[in-house]
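Colleague: To start, I am sharing the structure in question, which I have written as structure tokens.
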Amino acid sequence: MSIEVVPLVLGLPILGIFLLYSLGGLFIVQPRMQVVVLRFGKYVKTIQDDGIAYVFPFGRKLYTLSSQVVSIDLPKMMVLEANGNPIEVSAVCAYQVREARKAVLEVENCNYYVHNLATAVVKNVCSHYPYETPDPSQPCLKKESELITRHLIHELQELVEPAGVQILQVRFNDLTYAPEIAQSMLMRQQALAMVDARRTIVEGAVWTVVNAQQRMQAAGLALTPEIADSFASNLMLVLCSGERVQTFMPIEITAPAGARPEAAGAPEGGAS
């Protein structure tokens, strides 16, 4: 064998091994996935295009993250609302990884990181609003207005910004009073509902009485002040009473001249 042939014979196996090793740099990027490429511990690039990609395998390390929307359940927890009442609340948080580089290099576990911060944010936001309020213009946790939703998303977004995560939605899943005060708060709600119902009845009764007097005057039925006051009082009693009202008509019986009172058949006070 000549000296010129020896390098060629030795080089062909080495070249074959090198080519086989290089083919190991091919990999597939699935749709809605991101691949972070590190080489010798240094960030190189992030591959977001789906399909076949190639990175020379020597010294590389690949981290694959999903860019799909992720939903996490926040378990039921006990918090204090704005009035200091303990309530139990659970929530649902939806987020999406926008920058895979931050999610890989800045935090250890992205899902665990968002979960813990979302729990803290829910507790903090609940402490700023009451569970319920009689004022319809004031936001409360029971109605979960748009203001509370924006507050949850904005505060959580500021905390998870270093992880390259975008918060899409945070919603309450379950919201109730704590068992320790549930019975007393139910009695309070029933009392408030009864007061509101009575107020509505009285307002309607006043309007009915005023309207009835105006219609009687328009029809030419003049009432003396004493009769008008008695009419208004009796009508208000009928309308505001919670029981069925029985109407009585006073009847006056006059005894014949010279007859004794017991022979008249009825006392002077009248009969119903």
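Colleague: Please work out if T149 is without any contact (Cβ under 8 Å) to a residue 24 or more places away in the chain, of a type in the set (S, T, N, Q) and not assigned by TED's automatic domain parsing to the domain that holds S241.
Modeller: Numbers: without any contact (Cβ under 8 Å) to a residue 24 or more places away in the chain: yes; of a type in the set (S, T, N, Q): yes; not assigned by TED's automatic domain parsing to the domain that holds S241: yes.
Criteria met by T149.
Colleague: Any chance the stretch 180-191 includes a residue that's at pLDDT 80 or above, loosely packed, with under 13 Cβ neighbours inside 10 Å and either among the acidic types (D, E) or under 30 Å from P86 (Cβ atoms) (or both)?
Modeller: Filtering the stretch 180-191 down to residues at pLDDT 80 or above leaves none.
The answer is no, given that none of the residues of the stretch 180-191 is at pLDDT 80 or above, loosely packed, with under 13 Cβ neighbours inside 10 Å and either among the acidic types (D, E) or under 30 Å from P86 (Cβ atoms) (or both).
Colleague: Right, another one. Would you confirm, using the coordinates I've provided, whether H115 is at pLDDT 85 or above and over 16 Å from the mean Cα position of the chain (by Cα)?
Modeller: Values: at pLDDT 85 or above: yes; over 16 Å from the mean Cα position of the chain (by Cα): yes.
Criteria met by H115.
Colleague: In the stretch 140-189, how many are farther than 18 Å from D73 by Cα, hydroxyl-bearing (S, T, Y) and over 11 Å from the mean Cα position of the chain (by Cα)?
Modeller: The number of residues fulfilling the criteria is 2.
Colleague: Considering every residue within the stretch 28-38, establish whether at least one is surrounded by 13 or more Cβ atoms within 10 Å (Cβ to Cβ), more than 41 Å from the chain's Cα centre (by Cα) and not assigned by TED's automatic domain parsing to the domain that holds L141.
Modeller: Yes: one or more hits.
Colleague: Anything in the stretch 73-112 that is basic (K, R) and modelled with pLDDT under 90? List them, or say none. Give the steps one after another, and end with the answer.
Modeller: Within the stretch 73-112, the subset basic (K, R) is 76, 98, 101-102.
None; the set is empty.
Colleague: Tell me the residue from L74, L141 that is assigned to a loop (DSSP other than H, G, I, E, B), among the aliphatic types (A, V, I, L, M), surrounded by 13 or more Cβ atoms within 10 Å (Cβ to Cβ) and in contact (Cβ under 8 Å) with a residue 60 or more places away in the chain, please.
Modeller: Details: L74 fails: assigned to a loop (DSSP other than H, G, I, E, B).
Criteria check complete, one pass: L141.
Colleague: Out of the residues in the stretch 81-104 that are over 23 Å from the mean Cα position of the chain (by Cα) and outside any strand (DSSP E or B), state the one that is surrounded by the fewest Cβ atoms within 10 Å (Cβ to Cβ).
Modeller: The residue in question is R98.
Colleague: Continuing with this model, one more query. Within the stretch 146-242, which helices (runs of 4 or more DSSP H) (wholly inside it) include 1 or more residues that are touching a His at 6+ places or on another chain (Cβ under 9 Å) and not polar (S, T, N, Q)? Walk me through how you get there before you give the answer.
Modeller: Working: elements: 146-160, 182-218, 225-240.
Correct list: 146-160.
Colleague: While we're on this one: For V107, state whether it is part of a loop (DSSP other than H, G, I, E, B), under 24 Å from V160 (Cβ atoms) and not aromatic (F, W, Y). Full working, then the answer.
Modeller: Numbers: part of a loop (DSSP other than H, G, I, E, B): yes; under 24 Å from V160 (Cβ atoms): yes; not aromatic (F, W, Y): yes.
So V107 fits the description; yes.
The values are calculated or read from the model by the stated rules, or taken from the named source; none is laboratory data. All figures in this text were calculated on a predicted structure; none of them were measured in a lab. As a convention, Cβ positions derive from the backbone with ideal geometry for all residues, glycine included, and neighbour counts pool all protein chains shown.
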